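*Asks:* First the structure, which I've put down as structure tokens, then a few questions once you've had a look.
What follows is calculated from the coordinates using simple rules that are stated; it is not laboratory data. Given the structure is predicted, the values throughout are model-derived calculations rather than measurements. With ideal geometry, Cβ positions are generated from the backbone for all residues, glycine too; neighbour counts draw on all protein chains shown.
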Amino acid sequence: MADVLLGPSGSEITLPPCRALDNTPDNQDVEHASPVEQETMLDGSIKYNELEKTPRAWTLFFGYLTAAQFAVLEALRVTGGAMRYQDNNDSATWYDVIITGWTPARIKAVSVDGAPYYQATMTLGELL
Amino acid sequence: MQAISPVIASAFLAKAQKCRHKLEIYDGTNWIDLSTIGSPAKNYIKSISCTPGGAGPTPEVVAGSWSAEIWNPDGIFHPLHPTSEYSTLFRIGRQIRISIGGIYNGTAYYWQRLIGYMNEPVFSQGSNTVSLSGDDYAKRLEDFALDWPDNYWGEVATFDSISSSGVSGSELYVEGDALDTLAETNDPGDWTGALDVISAADSGGGSTYVNRYVRQLPGAADYAHESHVADVVVGEQYFISFKSKPVQGSEWKLRVYQTIGGTLTLIQTFYLDGDAFWSTHSARITALKTGALEMRVEQTDGATDDELRLDQMSIKSYSAQWNVYQLPDECNGPFYVTLGQFAQVGNSEIFTPTVGTTYNISVRYKRMSGSGDAWLGVYQNVSSILTLLAKIPLTSTSWTTLVGSFETESANAIQLRLVSEDGEEDDETRFASISIKAQGSSTELYAEADAMDLVSEANNVTNWTVLSGCTFESEADTSGGDSYVAVFKRTGSYSEQVTQGSRDSNGSWKGWLYDDTTKLFKFDKDRYVENGTGNLNIYYYTAAAPEDMVARILWKAGYYSSEAAALAAMDYTATGVTIDRPRFEDGTSGLEAIRLICERVNYRFWFGYDGMPHFVPAPAVKTTPDFSFTAYGDLSTHDYQQDLDQIANSISIEGDEQEPFAGTDDQRGTKLYGVAADQASIDEYLEHSESISNVLFQDQASIVAMCSTLLAERKDTKWYTMLSSPFNPVPLEIGDTVEWTIPVGGTYYTLRGVIQGLNLENANLTCTVEVTSAVITEGNALLDGDIHYDTEAAVPTAGAMIVGDGDPDVELAAAAEGETALLDGSEHTDTEAAAPAVGGLIMAAAAEGEPVKWRKLSPGDEGQVLKMVSGLPTWSTPASGGSGDMTKAVYDTDGDGVVDAAELAADSARLGGNLPAAFAAAGHSHDNLPTADEKAALAGTSGTPSSTNKYVTNDDARMTNARAPSAHHASHEAGGSDEISIINSLLNLAKNGRMPSWVWWRTTTPNYDGMTCDYAFSASTHSVDADGAWNLGRTAASAGANARILNGGGAYSCNPLSRKPVFMSKVRTYTDIADLRLYVGLSGGLSSNSDTPPSQFVGFRYSPVVGGNWYWVTNDGTTEHEGDTGVAVAVSTVYDLCVDVADGATIKFYINGTLVATRTADLPASSTDLGWIDILYTTAAAYKYLYFGRVYIEQAT
């Protein structure tokens, strides 16, 4: 897999690979925010408002993180604020993003080497 | 509503919108739009909300407010951001403006909705957002307070106060006892009561005996009463004076009464507390009835043996000087009155003099601070009136000893007063000593051994009593020559307020009176006023219109630079109302003041979306709505409700005080008041009261009218609705009229109302509307007998009615074979003979496809007809000839069955259809007839044409055009109507005795005409070209060398300014004008190669080191002046330089005929001899050139 980078501008780091729980490569979810908002009118019709921007949102699932990898991601979360994101699996485009979600968990199943492993879901929202 | 063009109203109701909004913040220089910041631009606005101000349902000012959530993920708005240019953008007080709009036809349109200020920004670190909020321009009004003197409208009149000293009459005190000043006896008089009243020998009061009032029991109030101390007449004034000494105890009082209706009625109270010294009291009273005057000595609370002594009681009639002060015509009554107050300290026991003796008094003092008038007064009671014997002004700011003298008028004790007539708090004067001696005597009479005693200095100020507004204390200070000084210091400022009809602490009326008819102001008779200078300030009202009051408040609050500017900027409707006494309570906020103004005239005030202040009547529903929500589906919510608070069926208004008090006994305390109620409404809804208190209601008529207006507005219940229209940026405002449609019980209603509140969440519009009308929506009868409500705004025409389509759809049944579909959904068998009923109209043939619809024809198809044929009816254009105006109404107007034209043709009485009268002669013309003008010309110009007055023909030999011209030379002379310039100049010279002289270059040497010329060149060349004849003069190639022409013989003695010379020189620059210096003009000597001209000079200078332009220069031998003419010096360019002193005093500098400067100062003396000069210097070791053309000078002979 090509590198995926995230971090404050000028301090981007390569993220650990996104893997499923079985440590196989996993896909990242990308979705666009709804371009419209809507309201139901008194007669049952719908009125729509087309928004100016449709920011992207990325869901990165790390199913199998070592403690060091987990610490890197945790540090990014703590840093917070505006960051830059690049997924070279998709394109070389840099996006201005912010971490909008962070759900870490420790994997209870003990690995053969006895070291702790973690999983985490990180969601990114595009700043437009 | 704001103008929306080119966007149309229906665009806001379209189901698909692209709403946009802006929040701009003013950083002091630019408006920063948070929706487009950075590059590439980002929109940092997360959400925005605003509630604009507007014309609300009541005079309460509806102020706008706003809030917004701002994204701040990169922290650029945070005040601690180290590099962001926006780190100071969010802070309290920033100006903001909000605009909401959308994209229509590909273009973004915005409508500003609010302009105002930012309140406290709140940065939320966790959510990376900033919460902003604030108000519209009304915020400043809310914060602004109308403090004195801005809280009233008027002017101030300043007067010198006039003493109200009166004249006392004979003694009226009737008791021949110890209080008597006339016939002292050892008798306490007729005093009765719980206090023991004893006559006792005590000369301290000034007589042999005094009255002692001794308390017998401790505790509550005890008194001694005398029921007849004098006979008085109702309404008359009296002067009461006596001496008292509180020997023991406190809270002693002497009250003066009269018994009225069996009840003691208080007239005056004397408070007798203080140190155990004798002191004098006096007051002026007015009798309440004719009869006995009574007195009571009273101690509120005390102990056994508490004692008060009284002596020298005197009651005399008194006629005060009731001085009046004339206020101007525009005065509508005093608002605030201040009277200069003396600060004074007195000593009533200096010494007892001998009548008729002259005494000297010296005082050593020093003014420490303060510039107001201060003086030492010597007083004595003369016939019970405190009389000023001598007044010694105290002005020195260094230790000074002043000596004055006075002569006594009675044997009463001499009293002193130190007076600060005007000044401010802490003004201070120090006294080292006061000495009083009889003239010719060395005996010191000043009796006090205190800080001011020359004899026995001590650290106290014995027997001095503070009378008003000061402190008087002893202080160690040797600067005055003794160990101690007495420090006299003001404790308050100069002026005190005098209020209308006010009582003083003794219960006397001490206010003022005003007569609005005569505009005369006066103090109450009981108020004793001293003479003063500029110490009476009467702030009086002048009338103002409510709109002017609003404008002034806006000015004072800082919105505009002046009241006029505020009025010009304001959208207002003139009220036609005048407020006679415009005022507000001190400290009233600007917002509250404007609310009161609005309440007075039932107006509305608000700041518009653009900040413009509006002051207009309450909005009314309009005949054409500002905006229509045409369909039920244009709204997302619709509430319908009543408001209990809206009902007011009992209105009361309390206005200003009635007319100013007519006298001291006029204490009505009543205000203008009006009430109106509607019993029917009370019966229906119970009573709901509305009470208004507003001093701007200043006449009964306005109160009655406003009660009636408000009652009519509010006695009946009203309906209100809350409308929501999402994604709708239509720029509606409070006060606008809107219309909308709702279905109720299967019937559609069109409602109309006035917006009373409005809120915008992003572009989601919510407004509260007062419903003013609700009518059933006009419907259209359908062929099936039903009603179809057309919810569109336009009224449909018959041809536009849709059958088989529309909303809701009319479903048509599918016809079976051999049957016809009917509009009621049934089917009609073609063989059926019966005529179909309503709703059974056949609109489609069986098995023939689409149903036939009534429809409105498309443009261009107008005039088509529905043609019934064997198959389906079809729309077709009628055949030609089948249309037009061939109607009976046109061609057979009398309806007799015969076409009108044919009827005329058949009439035998007519020829060609016309009656004979149609051929009557109507006059005619002939080609050869002279015109009227030609005939008029034959009348000639002189006399009547005849054999002796013939016309002249061309062959007449006398018809020649030769004529001797009349003399007219004067018209060509100077100043003539047809002045010829050359002749003029020549004649003018001759006429004025002026002599012209020329020098010009015809060959390599100059030619002279009337004068000689000297010249000096290192080389020269003669030439003639299109510009004229020239001699190209050259300097030597050494710095400071020159080339020149000048007066013959080098004389500078030809052209003093007194001879009014006019000097002109024509030169042409060379191709090189660097490193040179050129003077042209009239000079007292040969110039040097410097930028300082010769000692006497008027002319031009060009020096590139000073500037690239010609400079005018003058030098009178002492002072050199120069100035930039603004005319640039260019290479190879001809310049006509002229110095014109034609009037002998004014130097006019011309370049190429254009006046470039005028000088009248720092010129050479008129008699100083000057000569003309053109001189070129080289400032480098190089040749420099100048084309010398010609020189002209003229001057008086």
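*Asks:* Does the stretch B:690-784 come out rounded, prolate or oblate by the C-alpha gyration tensor, with a ≥ b ≥ c the root eigenvalues, rounded set by a/c under 1.5 and, if not, prolate when a/b is larger than b/c and oblate if not?
*Replies:* On the way: a/c = 3.68, a/b = 1.71, b/c = 2.15.
Oblate is the answer for the stretch B:690-784, as a/c is 1.5 or above yet b/c matches or exceeds a/b.
*Asks:* Could you give the semi-axes, largest first, of the ellipsoid that matches the stretch B:1037-1137, computed as the square roots of 5 times the alpha carbon gyration tensor eigenvalues and rounded to whole Å? Don't skip to the answer; put the middle values down first.
*Replies:* Working: eigenvalues 93, 47, 43 Å².
Three semi-axes, in Å: 22, 15, 15.
*Asks:* Here's something else I'd like to know. Please give every one of the lysines within straight-line cross-link reach of B:LYS556, meaning a C-alpha to C-alpha distance under 27 Å, and leave out same-chain neighbours fewer than 8 residues apart.
*Replies:* Output for B:LYS556: B:LYS139.
*Asks:* Just the Cα atoms of the stretch A:29-94, one point each, no solvent: what log10 I(q)/I(0) does Debye give at q = 0.17, 0.24 Å⁻¹?
*Replies:* Per q value, in the given order, log10 I(q)/I(0) is -0.84, -1.19.
*Asks:* Can you compute the label reach from B:ALA1165? Point 7 Å from Cα along the Cβ direction, backbone N cut-off under 16 Å, restricted to the stretch B:1086-1113.
*Replies:* In the stretch B:1086-1113, the label zone of B:ALA1165 (backbone N under 16 Å from the point 7 Å along Cα→Cβ) covers B:1095-1097.
*Asks:* Let me ask another. How high is the FRET efficiency between B:ASP231 and B:SER398 when r is their beta carbon distance and R₀ equals 56 Å, given to the nearest 0.05?
*Replies:* On the way: r = 57 Å, r/R0 = 1.01.
Rounded to the nearest 0.05, the efficiency is 0.50.
*Asks:* So if each residue of separation counts as 0.36 nm, and I subtract the Cα-Cα distance between B:THR1003 and B:THR88, what length gain in nm does that give?
*Replies:* Numbers: separation 915, 0.36 × 915 = 329.40 nm, distance 7.96 nm.
Full-extension gain reported as 321.4 nm.
*Asks:* Next question. Given labels modelled 7 Å from the Cα in the Cβ direction, how far is it in nm from A:ALA92 to A:ARG56?
*Replies:* Between A:ALA92 and A:ARG56, the simple spin-label model gives 1.6 nm.
*Asks:* A further question on this structure: Could you list which residues have their amide H under 5 Å from that of B:LEU765, counting only those 5 or more apart in sequence or on another chain, with H placed in the peptide plane?
*Replies:* B:SER725, B:PHE727, B:ASN728
*Asks:* Spin-label point model (7 Å from Cα, Cβ direction): what's the B:ARG963 to B:THR265 distance in nm?
*Replies:* Roughly 10.7 nm, to one decimal.
*Asks:* Starting from the Cα of B:LYS46, draw a straight line to each of the lysines and keep only those under 19 Å, dropping any in the same chain fewer than 8 residues away.
*Replies:* Leaving aside lysines fewer than 8 places away in the same chain, those within reach of B:LYS46 are A:LYS53, B:LYS18, B:LYS22.
*Asks:* On to the next question. Sort the stretch B:418-469 into rounded, prolate or oblate with this rule: let a ≥ b ≥ c be the square roots of the eigenvalues of the Cα gyration tensor; rounded if a/c is under 1.5, and if a/c is not under 1.5, prolate when a/b is larger than b/c, oblate otherwise. If you can, show how the numbers build up before the last one.
*Replies:* Numbers: a/c = 2.57, a/b = 1.83, b/c = 1.40.
Judged from the Cα gyration tensor, the stretch B:418-469 comes out prolate (a/c at least 1.5, a/b above b/c).
*Asks:* Per DSSP H run of at least 4 residues, take -39500 (n - 2.57); add these up for chain A, divide by its residues and hand me the 222 nm value, nearest 500 deg cm²/dmol. Display every interim value, and only then the final one.
*Replies:* On the way: 1 runs with 13 residues, N = 128.
It lands at -3000 deg cm²/dmol.
*Asks:* Checking the cross-link filter: which lysines have an alpha carbon closer than 17 Å to that of B:LYS243, excluding same-chain neighbours under 8 positions apart?
*Replies:* Straight-distance partners of B:LYS243: B:LYS253, B:LYS316.
*Asks:* Using the Karplus curve 6.51 cos²θ - 1.76 cosθ + 1.60 with θ = phi - 60°, work out ³J(HN,Hα) for each residue of the stretch B:358-364 in order, rounded to whole Hz, and write x for Gly and Pro.
*Replies:* 9, 10, 9, 10, 10, 9, 10
*Asks:* Run the numbers for B:ASP1075 and B:THR948: contour at 0.36 nm per residue of separation, minus the present Cα-Cα distance, in nm.
*Replies:* Details: separation 127, 0.36 × 127 = 45.72 nm, distance 9.03 nm.
Length difference between fully extended and current span is 36.7 nm.
*Asks:* Quick query: amide H of B:LEU146 versus all other amide H atoms, modeled in the peptide plane; which residues come in under 5 Å with a sequence gap of 5 or more or a different chain?
*Replies:* Here the answer is B:GLY587, B:THR588, B:SER589, B:GLY590, since their amide H atoms fall under 5 Å of that of B:LEU146.
*Asks:* Let me ask something else about it. What distance in nm separates the two pseudo spin-label positions at B:LEU904 and B:TYR640, each 7 Å out from Cα along the beta-carbon direction?
*Replies:* Roughly 6.5 nm, to one decimal.
*Asks:* How many angstrom lie between the Cα centre of the stretch B:395-470 and the Cα centre of the stretch B:577-612?
*Replies:* 56
*Asks:* Please give the FRET efficiency for B:LEU467 paired with B:GLU713, using the beta carbon to beta carbon distance and R0 = 56 Å, rounded to the nearest 0.05. Intermediate values should be presented prior to the final figure.
*Replies:* Values: r = 59 Å, r/R0 = 1.06.
E between B:LEU467 and B:GLU713, to the nearest 0.05, is 0.40.
*Asks:* Here's a follow-up. Once R0 is set to 51 Å, what does the formula 1/(1 + (r/R0)^6) return for the Cβ-Cβ distance between B:VAL1024 and B:GLU1120, expressed as a FRET efficiency to the nearest 0.05? All intermediate terms of the calculation are to be shown ahead of the outcome.
*Replies:* Details: r = 38 Å, r/R0 = 0.74.
E between B:VAL1024 and B:GLU1120, to the nearest 0.05, is 0.85.
*Asks:* Just A:THR40, A:THR100, A:THR54 to compare: in a GNM of chain A, with alpha carbon springs under 10 Å, which one fluctuates most?
*Replies:* Result: A:THR40 has the largest fluctuation of those listed.
*Asks:* Shifting gears a bit: With the contact rule set at Cα under 8 Å and sequence spacing of 6 or more, what percent relative contact order holds for the stretch B:303-430? Don't skip to the answer; put the middle values down first.
*Replies:* Numbers: 219 pairs, mean separation 43.9, N = 128.
Over the stretch B:303-430, the number comes to 34 percent.
*Asks:* When only Cα pairs under 8 Å and 6 or more residues apart are kept, what is the percent relative contact order across the stretch B:1-108? Show your work: numbers first, answer last.
*Replies:* Details: 139 pairs, mean separation 32.5, N = 108.
Dividing the mean separation by the residue count of the stretch B:1-108 yields 30 percent.
*Asks:* Peptide B:631-638: average number of partner chain Cβ atoms within 10 Å per residue?
*Replies:* Values: counts 4, 5, 8, 5, 4, 7, 3, 1.
Mean partner shielding for this stretch: 5.
*Asks:* How many angstrom separate the Cα center of the stretch B:24-76 from the Cα center of the stretch B:1063-1078?
*Replies:* 66
*Asks:* Now for a different question. So how long is each side of the stretch B:265-360 along the principal axes, counting just the alpha-carbon atoms, biggest first, in Å?
*Replies:* Result for the stretch B:265-360: principal-axis Cα extents of 61, 47, 29 Å.
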